[in-house]
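Novice: Once you've had a glance at the structure underneath, I'll fire off some questions.
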Amino acid sequence: MRLAIFDLDNTLLAGDSDHTWGEFLIEQGAVDEKTYRDANDRFHQNYVEGTLNLDDYLNFSLAPLAEHPIEQLNAWHQQFMASKIEPIILARGEELLASHRAQGDYLLIITATNRFITGPIAERLGVDDLIAIEVEEKEDGYTGRYSGVPSFREGKVERLTMWLEQNGMTLEDAYFYSDSQNDLPLLQKVDHPVAVDPDDQLRQHAIDAGWRIISLRDS
């Protein structure tokens with residue numbers, strides 16, 4: 001079975017779910033508005049620029065999961081899905097998923113955003129599986145730490161390699177769709193790399209390498 005692999009943020013979504021979750025927490029009064037927004041915006045800019053220190057970011061972004069009961073987190077996430085995620089799900093992204101599904105492809109999202117945030121989004125989009133940053137759990141919720149290899153940059157390649165072995169699949173004839181220069185390590189591993197509304201660095205690399213460049217935005 002052929003794999004169709006998708007990045008999530010700014011690829012299938014018209015925004016970044018991780019950064020948006022931070023803004024949502026501010027709206028709920030769950031974190032200090034000024035200090036959290038400043039850090040959230042700074043880390044997001046670092047990601048865009050390709051300079052993100054992942055450990056520092058995960059220590060910051062996962063901390064609120066340890067500070068609130070799981071019931072509250074899940075209730076917030078339901079509100080988050082309805083008010084923040086549904087409006088940024090790209091219709092043309094759903095059409096692309098449907099096209100690959102109709103061809104019998106296996107649909108896989110691989111993201112550098114954590115599973116707490118992205119699990120329900122992947123379910124909403126109807127993909128077959130999700131590779132995300134795993135959040136360490138405790139008996140009554142989350143510890144605020146990650147576990148395993150983070151699916152970021154070269155870590156996406158490592159996590160996907162492990163996933164392929166576990167599932168008896170290969171990258172033969174596989175597609176990977178992404179918007180970000182951070183995904184170049186994985187884009188270079190597949191037969192069909194596709195730049196989706198790419199950042200400037202990925203766009204130039206795609207032009208130089210002769211990769212497809214597409215847009216899933218309405219305009």
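Novice: So what is the orientation-averaged projected area of the range 1-124, using the convex hull of its C-alpha atoms, in nm²?
Specialist: The orientation-averaged projected area of the Cα hull of the range 1-124 comes to 8.3 nm².
Novice: Using only the Cα atoms of the range 130-187, each taken as one equal point scatterer with no solvent, compute I(q) by the Debye sum, divide by I(0), and report log10 of the ratio at q = 0.16, 0.23 Å⁻¹.
Specialist: Taking Cα atoms of the range 130-187 as identical point scatterers yields -0.60, -0.97.
Novice: Working from Cα positions, state the angle (0 to 90°, nearest 10) between the long axis of helix 154-167 and the longest principal axis of the chain.
Specialist: 70
Novice: Could you go through the range 58-63 in sequence order and give the Karplus-derived ³J(HN,Hα) for each residue, using 6.51 cos²θ - 1.76 cosθ + 1.60 with θ = phi - 60°, rounded to whole Hz, and x for Gly and Pro?
Specialist: Using θ = phi - 60°, the values come out as 5, 4, 6, 6, 8, 4 Hz.
Novice: To continue, here is another question. What angle do you read, to the nearest 10 degrees and between 0 and 90, between the alpha-carbon axis of helix 200-209 and the longest principal axis of the chain?
Specialist: Helix 200-209 sits at roughly 20 degrees to that axis.
Novice: What percent antiparallel are the DSSP beta bridges of the range 26-164, to the nearest 5?
Specialist: Bridges in the range 26-164 that DSSP calls antiparallel: roughly 50 percent.
Novice: With just the Cα atoms of the range 32-89, tell me how far they stretch along each of the three principal axes, in Å, largest first.
Specialist: Ordered largest first, the range 32-89 gives principal extents of 33, 28, 20 Å.
Novice: Along its principal axes, what span do the Cα atoms of the range 102-165 show, with the longest given first and each in whole Å?
Specialist: Over the range 102-165, Cα extents along the principal axes are 41, 26, 18 Å.
Novice: If Glu137, Glu86 are ordered by their accessible area, calculated over protein heavy atoms with a 1.4 Å probe, which sequence runs from highest to lowest?
Specialist: So the residues, ranked largest to smallest area, are Glu137, Glu86.
Novice: Over the range 8-145, average the accessible area per residue using a 1.4 Å probe and give it in Å², no decimals.
Specialist: 45
Novice: Ok, one more. Where Lys and Arg each count +1 and Asp and Glu each count -1, what net charge lies around Ala174 among other residues with Cβ under 10 Å from its Cβ?
Specialist: In short, -2.
Novice: Once the dipole of the chain is set up with Lys and Arg at +1 and Asp and Glu at -1 on Cβ about the Cα centre, which of Ala209, Gln28, Ala91 lies farthest towards its positive end?
Specialist: Projecting each Cα onto the dipole axis, the largest value belongs to Ala209.
Novice: In terms of modelled amide H atoms, which long-range or inter-chain residues lie less than 5 Å from the amide H of Asn114?
Specialist: Ile133
Novice: So how do 180-193, 116-129 stack up, highest first, on mean other-Cβ count within 10 Å?
Specialist: Taking the mean over residues of other Cβ atoms within 10 Å, the ranking is 180-193, 116-129.
Novice: Something else now. Given the DSSP H assignment, sum -39500 (n - 2.57) over each helix run of at least 4 residues in the chain and divide by its residue total; what's the result at 222 nm in deg cm²/dmol, nearest 500?
Specialist: Helix-only estimate at 222 nm: -14500 deg cm²/dmol.
Novice: Taking the Cα centre of the chain as origin and charging only Cβ (+1 Lys, Arg; -1 Asp, Glu), how large is the dipole, in debye to the nearest 20?
Specialist: With Lys and Arg at +1 and Asp and Glu at -1, about 340 debye.
Novice: May I pose another question? Output needed for the range 1-64: three equivalent-ellipsoid semi-axes, defined as square roots of 5 times the C-alpha gyration tensor eigenvalues, in descending order, whole Å.
Specialist: Each semi-axis is the square root of five times an eigenvalue, giving 24, 14, 11 Å.
Novice: Continuing with this model, one more query. Compute the angle between helix 33-49 and the longest alpha-carbon principal axis of the chain, please, reported from 0 to 90 degrees and rounded to the nearest 10.
Specialist: 20
The values are calculated or read from the model by the stated rules, or taken from the named source; none is laboratory data. Since the model is a prediction, treat every value here as computed from it, not as a measurement. Note that we place each Cβ from the backbone using ideal geometry, even for glycine, and neighbour counts take in every protein chain shown. We work out accessible area using only protein heavy atoms, side chains counted, and drop any ligands, DNA or RNA first. Shrake-Rupley method; radii C 1.70, N 1.55, O 1.52, S 1.80 Å.
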